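The values are calculated or read from the model by the stated rules, or taken from the named source; none is laboratory data. What you are looking at is a predicted structure, and each value in this text was computed from that prediction instead of being measured. All Cβ positions, glycine included, derive from the backbone under ideal geometry; neighbour counts span all protein chains shown.
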Amino acid sequence: MGCGTSVATETQLKKLETEEAVRTPGLALTIKAAVLIQRWYRRYMARLEMRRRYTWNIFQSIEYAGEQDQLQLSSFFSFMLDNFTQLSGNGPDLISQLLNPVVDPWLDREICYTLIPVPDSYTGPRISFPLCVSDTNALLSAFKEQQILHARYVLQLLFEAKKLLKQMPNIIHLSTSYTKDITICGDLHGHLDDLLLIFYKNGLPSAETPYVFNGDFVDRGKKSVEVVIILFAYFLLYPDYMHLNRGNHEDHIMNLRYGFTKEVMQKYKNHGREILQLFQDVFSLLPIATVIDGKVLIVHGGISDQTDLDFLSSIERHKVKSALRFPRHSLEQLDIGQSCRHVKRMRSVDSSCSSSRSYSKNQGTPGQRKRRCKLKRDDSAVSTSSSSSSSSSSVCSPHTPSSQSLRPCPSSPSLPCKVLQVPYLDSLSSVPLPSPPQHEQEWKQIVDILWSDPKTQEGCSPNSFRGGGCYFGPDVTQRLLLQHGLQMLIRSHECKQEGYEFCHGGKVITIFSASNYYEEGSNRGAYIKLGRELVPRFYQYQVSRITRKLTLTQRIRAAEGSALRALKEKLFAHRSELMANFQQRDPNNTGTVSVCEWAQVLECVLRLDLPWRTLRPHLARLASDGSVEYQSCFEDMEPGAPLPKVAPNLAETLFRYRTDIEIIFNIIDKDHSGKKKAL
Amino acid sequence: MAETSETADIQRKIRAAFHVFDHKADNTVDVREVSTIIYSLGCFPTKADIHRFVDEVEEDNMGYVHLDKFLPVMTKVLLENKFPPIPEENLLQAFEVLDKERRGYMEPQELAKYMKSEGETFSQEEMNEMLTALVDEKKNLICYKELISQLTLDLDT
């Protein structure tokens, strides 16, 4: 009993309770507080995601716009090549060497590399043929140590690879029954670290670990040479377990712009030319597709509504050296006068075609109608039937007058091909000329395989974003899969944040293996493992150059900064045109335009599909009345290259074409002494 | 809805935000992006608010939202300021409610406990991300007072 004690305890308890009540807020309040914090944090993350997303858009737009510009460069080169066969006047020069599909027969002979001595002082890896595992191991170790493989071995490697590739069919058929899981990797783009990481995680290529590498081994990254040497070495070592598909960057003209040519010239100087020539051949000999168990098709880009796998199996794939060069024709067809007349005729056909399709039905006599639309139908008659409507017909129809229909069809004003609007420096010229249907078919089928992208809507339309191949819809996929008894299409060609992505109801997989492609932290890389049940399993990774873990905010900020700098460079490069447009909309010379007009001008001049309004705070200042001070777009610019005080237009033009100019200098500067870089 | 210039302005903003997630340029976005878009337009909806919003605009459980449905609903939200922002002081108070002793900081496990069990709970993934973002590495603490002003600044730069 003890009433006193119990009372005391009660009071104590009560005291405790009150104290607790003071310290612990009511449950309702806690919940409220929690919800508030959660709401705030979720919004914070969403804002970050928004920034990450448009940063991504910026990188992608600029990347693809750059690829379109590529056509310009090759137009220029082809023009030079066709009209000035020898630049230096004494012997074939590098340009014709690089662009002329005819390879120096010297390189087909074994002597080409045996005569190159490897000095005793050379400390790099020494390999012997036929290759064995110790050779490939030596290459891996050497490249990890930043060593360079001697030119003699590179040439020998390429020579052997070329011999082996010649024996391979266009489409490789693999089976999972005799092997363990097959590993499929996407674009590497010279990212050696990613390749080494894949080998580390997944195992080196072997009978137990067969691989398919789906193209784009080179360009953009700094170690394209090392990546492609390793891949070819394993290919020679295990031709049954190491399979390489061609990508759109296994193309000597793409290499001119996107870094592989430069890397080879820098690393190999005197032997660079021969090495590049052999690469040109080897690249065009790479198979264009792989099929697993007759059910899974693997190609680099995608397909079109005209993709014909049987036809593709039968062609001579090596004849299509580059997506950007049409097979050469005889000199007679290069008569520029003739093409000018064609141009004039084309322009008038254009205008009548442009008025509308239905118009052509009713106007003129049948004869006239036929003639007027003849050229149009000619080029769309490339392939078979009515299904060609969407993919070829846009070449003639000027539905996008301001944006060039940049198909990597013929590459120069003087080089013959079907109708095309070719951007040539700053203007457009139409170039129509007939060409043998057979060659064009082969070329188109291969370009479609290497350059196309999937889209969500049905149908098949030309890929204007890239300037080559098509956008193919789920119906196109379905039709092709059905036609050939296939189950799935695996392709690469597009960078994905998680390294892979499904589309077309799970029937198409994009696999991309270069992590941090745009910027440190921009994306993961991934590879697929496919076993007998043909259910893909994905493995992701991300190479990190720094040991300290960056927070998401820091990573996004870094990527954003990089993207915005690239974007500002674009603004600067088009300054005159932009200013002219701004001033047009600012008759009273206030120095401002509305946000809406500002966005319109940018979209129109730069032709980049970006959320300009969202980006505005990073690009331009607002005046007190909420309008944009358009001059501020061009401030805070550090272009990198010193721009001397020359006439503003010249500086701008130089800056805009700086990549092209650099490439030209790289070529002219044969010994790569860099002395001509006085710019 | 009468087309005033304010409405037109708002609609332009909505379209621009929508556009960022419209990857295939066909005026649709994945339904999972809707919350991000709403947040980026300056709103602070709760999860329940978002569920209600999505129910109104999602295309028949197809997993995507078309701009035609999104635009009017979002315009209304903005015009009526349905999901107003959280003032900094309220946020500070919220943290102080959870940080009973008002130390000015919290231990990661403490905050995690609340975030995962109270209110509109976080998933483990969200929790991990939040901890990475908010925890001061050296002290292994969440110093919320500094964080609030820092992070708010971050958003607007």
Practice task
Assess whether A:Leu174 counts as being at pLDDT below 95, in the same structural domain as A:Glu494 (by the TED database) and of a type outside the set (Lys, Arg).
Solution key: yes
Handout entry: Candidate set: segment B:16-31, residues that are out of contact with any Leu (no Cβ under 7 Å at 6 or more places or on another chain) and more than 9 Å from chain A (Cβ to nearest Cβ); chosen: the one modelled with the lowest pLDDT
Key = B:Asp22
Practice task
Within segment A:133-156, track down each residue that is out of contact with any helix residue (DSSP H, G or I) (no Cβ under 7 Å at 6 or more places or on another chain) and in a loop (DSSP other than H, G, I, E, B).
Solution key: A:Glu145, A:Gln146, A:Gln147, A:His150
Completion exercise
Restricting attention to segment A:221-243, the residues that are among the hydroxyl-bearing types (Ser, Thr, Tyr) and crowded, with 23+ Cβ neighbours inside 10 Å number exactly 2
Exercise for the section: Report yes if some residue within segment B:85-94 is away from chain A (no Cβ under 13 Å) and surrounded by 12 or more Cβ atoms within 10 Å (Cβ to Cβ); otherwise report no. Expected result: no
Practice task
Please work out if A:Lys529 is touching a residue at least 12 places away in the same chain (Cβ under 8 Å), farther than 24 Å from A:Met50 by Cβ and among the basic types (Lys, Arg).
Solution key: yes
Problem - segment B:119-142 - residue that is part of a helix (DSSP H, G or I), at the interface with another protein chain (Cβ under 9 Å from one of its Cβ atoms) and not charged (D, E, K, R) and, of those, farthest from the chain's Cα centre (by Cα) - result: B:Thr132
Problem - Criterion: within 14 Å of chain A (Cβ to nearest Cβ), in a helix (DSSP H, G or I), in contact (Cβ under 8 Å) with a residue 24 or more places away in the chain and of a type in the set (Lys, Arg) - qualifying residue of B:Lys116, B:Lys145 - result: B:Lys145
Problem - In segment A:599-629, residue nearest to the other protein chains (Cβ to nearest Cβ) [restricted to those that are acidic (Asp, Glu) and surrounded by 15 or more Cβ atoms within 10 Å (Cβ to Cβ)] - result: A:Asp609
Exercise for the section: Could you tell me whether segment A:433-447 includes any residue that is acidic (Asp, Glu) and either at pLDDT below 85 or touching a helix residue (DSSP H, G or I) at 6+ places or on another chain (Cβ under 9 Å) (or both)? Expected result: yes
Fill in the blank from the handout: Over segment B:82-113, the set of residues more than 15 Å from A:Arg43 (Cβ to Cβ) and not in a helix (DSSP H, G or I) is B:Asp99, B:Lys100, B:Glu101, B:Arg102, B:Arg103, B:Gly104, B:Tyr105, B:Met106, B:Glu107
Handout entry: Unique match (being surrounded by fewer than 21 Cβ atoms within 10 Å (Cβ to Cβ), within 26 Å of the chain's Cα centre (by Cα) and of a type in the set (A, V, I, L, M, F, W, C)) among A:Ile198, A:Ile182, A:Ile172
Key = A:Ile172
Practice task
Within segment B:36-63, count every residue that is surrounded by fewer than 17 Cβ atoms within 10 Å (Cβ to Cβ) and either at the interface with chain A (Cβ under 10 Å from one of its Cβ atoms) or on the phi > 0 side of the Ramachandran plot (or both).
Solution key: 7
Practice task
Test B:Phe70 against the criterion of being at the interface with chain A (Cβ under 10 Å from one of its Cβ atoms), on the phi < 0 side of the Ramachandran plot and surrounded by 15 or more Cβ atoms within 10 Å (Cβ to Cβ), and give yes or no.
Solution key: no
Exercise for the section: Check whether at least one residue in segment A:456-465 is within 21 Å of the chain's Cα centre (by Cα) and without any contact (Cβ under 8 Å) to a residue 24 or more places away in the chain, and report yes or no. Expected result: yes
Handout entry: Selection status of A:Val299, assigned by the TED database to the domain that holds A:Gly186, at pLDDT below 90 and within 12 Å of A:Ile449 (Cβ to Cβ)
Key = no
Completion exercise
Here the residues within segment A:26-56 that are over 30 Å from A:Leu567 (Cα atoms), more than 7 Å from chain B (Cβ to nearest Cβ) and hydrophobic (A, V, I, L, M, F, W, C) are A:Leu27, A:Ala28
Exercise for the section: Could you check how many residues of segment A:449-469 are away from chain B (no Cβ under 14 Å), of a type outside the set (S, T, N, Q) and closer than 12 Å to A:His493 by Cβ? Expected result: 6
Fill in the blank from the handout: A:Gln483 passes all but one of the listed conditions (1) crowded, with 16+ Cβ neighbours inside 10 Å; (2) closer than 20 Å to A:Ile288 by Cβ; the exception is number (1)
Exercise for the section: Specify the residue that is farthest from the other protein chains (Cβ to nearest Cβ); the eligible residues are those in segment A:543-558 that are over 21 Å from B:Leu134 (Cβ atoms) and at pLDDT 70 or above. Expected result: A:Val543
